[in-house]
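Read the structure below first, then the notes.
The values are calculated or read from the model by the stated rules, or taken from the named source; none is laboratory data. Quick caveat: nothing in here was measured; it's all calculated off a predicted structure. Glycine gets a Cβ as well: all are built from the backbone with ideal geometry, and neighbour counts include every protein chain shown.
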Number of protein chains: 2
Amino acid sequence: MNKVHTEKWPLVDHVVKMESSAIREILKYSSKPGVISFAGGLPAPELFPIDDLRQAFDTVMEKNARAAVQYTVSMGIPQLREIIAQRATDRGTKSEADNIIITSGGQQAIELLARAFISPGDYILTENPTYVGALQAFTYYQAKYAPVEMDDQGMIVDKAEELIKKHNPKVIYTVSNFQNPTGITMSLERRKQLIDVATKYNIPIFDDNPYGDIRFEGEPQPTLKSLGGEAVIAIRTFSKTLAPGLRIGWMNGPKEIIPYFEKVKQCTDLHTSTLGQHIIYEYLAAGKAEGHIEKIKGDYLAKRNTMLEAMREHFPKDVKWTEPEGGLFLWVTLPEHVSTSALLPKAIEQKVAYVHGKPFFPDGTGDNTMRLNFSNATHENLVEGIRRLGVLFKENMQPVA
Amino acid sequence: MNKVHTEKWPLVDHVVKMESSAIREILKYSSKPGVISFAGGLPAPELFPIDDLRQAFDTVMEKNARAAVQYTVSMGIPQLREIIAQRATDRGTKSEADNIIITSGGQQAIELLARAFISPGDYILTENPTYVGALQAFTYYQAKYAPVEMDDQGMIVDKAEELIKKHNPKVIYTVSNFQNPTGITMSLERRKQLIDVATKYNIPIFDDNPYGDIRFEGEPQPTLKSLGGEAVIAIRTFSKTLAPGLRIGWMNGPKEIIPYFEKVKQCTDLHTSTLGQHIIYEYLAAGKAEGHIEKIKGDYLAKRNTMLEAMREHFPKDVKWTEPEGGLFLWVTLPEHVSTSALLPKAIEQKVAYVHGKPFFPDGTGDNTMRLNFSNATHENLVEGIRRLGVLFKENMQPVA
């Protein structure tokens, strides 16, 4: 048998060294029998609008079956780009189809951003912590990070400006609404301040905004894109508001920059699933999205409340957490001496899973933090899982003698 | 209005310089009203098995609706990987699910190969000419090329070995069956010889094989993978045998190497459309593929025959062409002084389109060649388009005085 020995295979060094990501671990924990998982970022499956998606598929097949399974252009099908642009316009961001490129989920938009902007050693300004999947994509391109401290108003922009002067970053990457992982939303003042700083130093802002539509409490904030115009490229997705398995996201950016993303998209995978694009177009055109999002909001608010209530009851006094007004996640901070990565195997033993915080921190700190997802569990499991975590915390929060 | 000026945007140099690809031009020509296009690589839309795909979708929705629109793992859904492995085994390549990773079409498999293996300046051994979309993907990673001359048996492996000694390429990329663009199939002797050379120098062979199942004439050749075992990674897709708009392809390679592709796939787009994977699984599980492929073969054979017959009637004597035994393309060589790129605007004026040959040649030659697609036009248009090309050739084949 002919064999090329793997150990001799001429793989790129930084691919060999890539660590298997936290996301992958998440999926492993989530699937173990009996484990209550707060680890994934999965939408509640019982809410997927299956009947309306079937209806949309049937409409596609009756109107457009052959086009819907044929090749299409790299930018995405025109009618989907138009309806997305119209919806953005309706919500305060004047947009046309030429501002929109369809991507295979928000993750691919991040990937295209990295490909188009990052050379080895380039700096990216991010929140500290930030979305681990973005760090994974950026790190492939050997990016360096200028991580900005956060408070309950989001990124502290004064500190961002210091880091900009020091590192001259290529782009700013932010998750401004119900951030993954912390659940924190950037305040209006900080939004304006960030746009001013970005404009002053001529650095594009990429606003990764998968959760913005899922605000179930408090006052909506205008999006960075609606405030910042061409200084901002919005990264959006239907993964959290409709269904992640269709892998349909998009970018909304200046008309001059979109063709560059089109070129890199083309050599990546030619285009995103034509069928998925047609299904989502028909779903949106039938006016189904708004009612569905309302339903999600109600459900996630109730689940967040259940989780918070259980935390108040079961968590020790010196554990702190965020109380997000939307999204899928909240963020727990334990006393500094507690390591959530060291605690994780014990948690799995007790049949409860979370994501430890460290991988979200570009600066390598945060080992006393964890992310909890409240969208994917039942109310009963939310209570029981938090109770198990509470027991674990109490057993492990005594400083080592 | 805040604005970051595009001309100042800090894009990566080689992204700014990327040329809009021949593929994109193809799609433009193909869509002009009245133009008979032999340019695209599009399957015949009238053959798409719409009813069976609808049936497969309904089965998915009844058995697995929520899982089919949820996130899944980066490798692809297990049942699809298993049935693909079983089908490969049945055809002479012993495979298990762990040999298979699902990709977003064959193009993304090429992209993952480039990401995992190519550093700037690395050489790739290819046929000359070769698939232009692969060149586009490789060139993003600043690959260099060792292009190997072809004859009617495919790549001339003796010449390949000379180039291997000279350039020490990282990988060998071949389209061994009904090659895009030439339609040429590698002979059995050359296959064995290529595997021997690759094994001798420990260079993995990537066999991009989208058309292999569409042999409508002559004796089937064993695949490189079935001959070469672990020396070969096969790149496959359902785009040509079922429907390209689902964007489902895969790689079949050694178990030790697949996890590296999994890691790069993950940071690219998390995973390929869950829904598309489920639909194709149910389609295959229902045993629909084989009959459908037979139908495609019959249709494409008849179309190829119509095109060849028209060429014999309408093309001048010193035009040469290949007569492929399968696939979607044939290849036309004009006298050396004729430039098919210069001729293209005149062809569009005459309402017929082709792809000029030069972009397929890593060595920059081939301006007297063109690729013609016979799968996407009606018989009537095949005859009329070839007639128009014949007129054009006769008008433009006199050497300039």
Residue ID - nearest to the other protein chains (Cβ to nearest Cβ), chosen from residues in the stretch A:268-322 that are crowded, with 17+ Cβ neighbours inside 10 Å and of a type in the set (S, T, N, Q): A:THR274
Search result, residues across the stretch B:134-171 that are closer than 18 Å to B:GLY212 by Cα and buried (at least 24 other Cβ atoms within 10 Å of the Cβ): B:ALA134, B:GLY154, B:MET155
Residue that is nearest to A:GLU19 (Cα to Cα), among those in the stretch B:252-266 that are of a type in the set (Val, Ile, Thr) and facing another protein chain (nearest Cβ under 7 Å): B:VAL264
The stretch A:169-189 residues that are without any contact (Cβ under 8 Å) to a residue 40 or more places away in the chain, paired with ones that are surrounded by fewer than 24 Cβ atoms within 10 Å (Cβ to Cβ) (beta carbon under 6 Å, 6 or more apart): A:SER187/A:GLN153; A:LEU188/A:GLN221
Of all residues in the stretch B:81-125 being more than 13 Å from every other protein chain (Cβ to nearest Cβ) and among the hydrophobic types (A, V, I, L, M, F, W, C), the one that is farthest from B:TYR173 (Cα to Cα): B:ILE83
Helices (runs of 4 or more DSSP H) fully within the stretch A:87-199 counting 1 or more residues that are assigned by TED's automatic domain parsing to the domain that holds A:THR274 and farther than 27 Å from B:HIS271 by Cα: A:157-167
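Among the candidates A:ALA302, A:ALA286, A:ALA310, A:ALA243, which residue alone is among the hydrophobic types (A, V, I, L, M, F, W, C) and touching a Lys or Arg at 6+ places or on another chain (Cβ under 8 Å)?
Criteria check complete, one pass: A:ALA310.
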Single residue of the stretch A:241-251 satisfying the filter (of a type outside the set (A, V, I, L, M, F, W, C) and surrounded by 24 or more Cβ atoms within 10 Å (Cβ to Cβ)) that is farthest from the other protein chains (Cβ to nearest Cβ): A:GLY249
Tally of residues being under 17 Å from A:TYR283 (Cβ atoms) and β-branched (Val, Ile, Thr) across the stretch A:61-96: 3
Filtered residues of the stretch B:44-59 (kept if buried (at least 17 other Cβ atoms within 10 Å of the Cβ) and more than 10 Å from chain A (Cβ to nearest Cβ)): B:ASP52, B:ALA56, B:THR59
Search result, residues across the stretch A:275-290 that are more than 24 Å from B:PRO244 (Cα to Cα) and touching a helix residue (DSSP H, G or I) at 6+ places or on another chain (Cβ under 9 Å): A:ALA285, A:ALA286, A:LYS288, A:ALA289
Subset of the stretch A:210-230 (residues that are facing chain B (nearest Cβ under 9 Å) and surrounded by fewer than 24 Cβ atoms within 10 Å (Cβ to Cβ)): A:LEU227, A:GLY229, A:GLU230
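Would you be able to tell me the number of residues in the stretch B:351-388 that are among the hydrophobic types (A, V, I, L, M, F, W, C) and touching a Leu at 6+ places or on another chain (Cβ under 6 Å)?
Matching residues across the stretch B:351-388 total 2.
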Hits in the stretch B:45-59 (condition: closer than 15 Å to B:ALA243 by Cβ and in a helix (DSSP H, G or I)): B:PRO45, B:GLU46, B:LEU47, B:ILE50, B:ASP51, B:ASP52, B:LEU53, B:ARG54, B:GLN55, B:ALA56, B:PHE57
Long-range neighbours under 6 Å by Cβ, at least six apart or interchain, first residue basic (Lys, Arg) and modelled with pLDDT of 95 or more within the stretch B:358-383, second buried (at least 24 other Cβ atoms within 10 Å of the Cβ) and assigned to a loop (DSSP other than H, G, I, E, B): B:ARG371/B:PRO181
Residues of the stretch A:200-247 classified as among the β-branched types (Val, Ile, Thr) and either over 16 Å from the mean Cα position of the chain (by Cα) or in a strand (DSSP E or B) (or both), total: 6
Selection status of B:MET75, touching an Asp or Glu at 6+ places or on another chain (Cβ under 8 Å) and at pLDDT 90 or above: yes
